[in-house]
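No value in this document is a laboratory result; all are computed from the given coordinates. Please read all numbers here as calculations on a predicted model, not as lab measurements. Note: ideal-geometry Cβ built from the backbone for every residue, glycine included; neighbour counts use all protein chains shown.
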Amino acid sequence: MSPTRLLRHELPRLEETESRYSKTLAGISPALMRVLLLAFLHSSLAFSVFGACTAPKNLIEKENCLPGSAQSEWNVSGAGAPNIQGFAADISVNAGQTISFKILTNAVLYHIDIYRMGYYQGNGGRFITSVSPSVPLPQTQPPCLTDSSTGLTDCGNWSISASWAVPGAAVSGIYLAKLVRPDTGEPSPILFVVRNDSSHSDILVQTSDPTWHAYNDYGGNSLYAGNPLGRAFKVSYNRPFNVPNMYTWFFSAEFPMVRWLEANGYDLSYFAGVDAERKGGVSRGR
């Protein structure tokens, strides 16, 4: 028998292979298929990070090799507790600068736990440090400024409550400041970005903070609901987050993207959406 005939005899025909494969898949329920696919993807992500920890190629890989914090530790549901609310005085700061927080609460004691969001063995975040208020408590804040003609609510007239000197070696990323009052155990979230303006990373990730604030209805109005004509015509970054449409919030679609990018060790740095306007030269220099 010729080699050609032997090969033809031993290998099944293409249509036979496809038929057997189709029958095998048909015997697996859609639910089981989804479970198997998710398990495969999760194991692939874990392998991609852990496999690089012996010799990380960039700061993101190195950062995600550090132990993460369980989601139950950093997670805040929605807008958090109404009796402790706050925002960052600026949505982003460069590594080495100071980020300040303005907080409204009647608590006589609270602290701010700061986490960097990423992959971290599937935990999604890593505890960085804890910050205490820099003013006597309870702190009284004035009513937010409002403009009835535009629907604007601006709490920029609040006083600074606490600050964090971001280390110069801090890895660029999206950071969560979790406000926690121990008397009730209730938390609230503040999101901000740590940039690295001197970075020449392969990818610059821009957050969707303009969308977060467009849907943010703290004070009663957003660009999609409220007054003066069914919506506001102007909104401010100077207010706590209250995003009723959770599909437009960071933890809906953006956070899974961040996890995936960092799990796969892409060379990243981050800046805020508003930075595209005020720091456009940073992106052009990459």
Expected-Rg normalisation [2.2 N^0.38 Å, Cα atoms] applied to the stretch 139-255: 1.21
Pairwise FRET efficiency - Ala253 versus Ser159, Cβ, R0 = 45 Å, nearest 0.05: 0.85
Label-to-label distance, nm, for residues given as Glu73 and Asn264 (7 Å Cα→Cβ offset): 2.8
The stretch 57-284: equivalent-ellipsoid semi-axes (sqrt of 5 x gyration tensor eigenvalues, Cα, Å): 28, 21, 16
Whole-number D in µm² s⁻¹ for the stretch 112-187, Kirkwood Cα-pair radius fed into Stokes-Einstein, 25 °C, 0.890 mPa s: 161
Bins of 5 Å from zero: percent of alpha-carbon pairs in the stretch 167-214: 5, 15, 20, 19, 16, 13, 8, 3, 1, 0
At R0 = 35 Å, FRET efficiency that the Cβ-Cβ distance of Ala276 and Ser130 yields, to 0.05: 0.65
The stretch 57-284: relative contact order as a whole-number percent, Cα under 8 Å and 6+ apart: 27
Segment Leu229-Ser208, extension gain: residue separation times 0.36 nm, minus the distance between their alpha carbons: 5.0 nm
Under 29 Å from the Cα of Lys102 - lysines, other chains or at least 8 residues apart: Lys178, Lys234, Lys279
